[in-house]
1. Could you list, in sequence order, all residues of the stretch 37-67 that are surrounded by 15 or more Cβ atoms within 10 Å (Cβ to Cβ), at pLDDT 95 or above and over 36 Å from the mean Cα position of the chain (by Cα)?
2. For residues that are closer than 21 Å to residue 45 by Cα and surrounded by 15 or more Cβ atoms within 10 Å (Cβ to Cβ), scanning just the stretch 73-97, find the one that is nearest to the chain's Cα centre (by Cα).
């Protein structure tokens, strides 16, 4: 006799949900990493422009200085906006991670139940097999024994 888990369709459904949640978490994490790269690029541009401004300040004309400072202001605002985007992405990534953990727990509960039921099934099958062997041995023993009342 073969073990059949009655809740296998539910377990399969929970596995699909877990895979979907893993994909959602992966997409959220990718988006967060893109946002962080974008923010880091803006920071690098700002830092290079500031270094250039400090190093070459005396050689810039008034219009170049004005446009450089305006661009630095723009980069600072863009960095603030990029950081807000990073923060929002981090929150979404954490939500997706929590949903993934919940889905994994739901699946694990059913897998544990399946394992326990399989163990119980195997134990019962082993006990039934042992009882059958014991019965066969008892019958063989009875046949091999001389019957009382019959003298050879």
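1. 46, 49
2. 86
The values are calculated or read from the model by the stated rules, or taken from the named source; none is laboratory data. Note that the coordinates shown come from a computational prediction; the quantities given were computed from them, not determined experimentally. Using ideal geometry, Cβ is built from the backbone for each residue, glycine included, and neighbour counts are taken over all protein chains shown.
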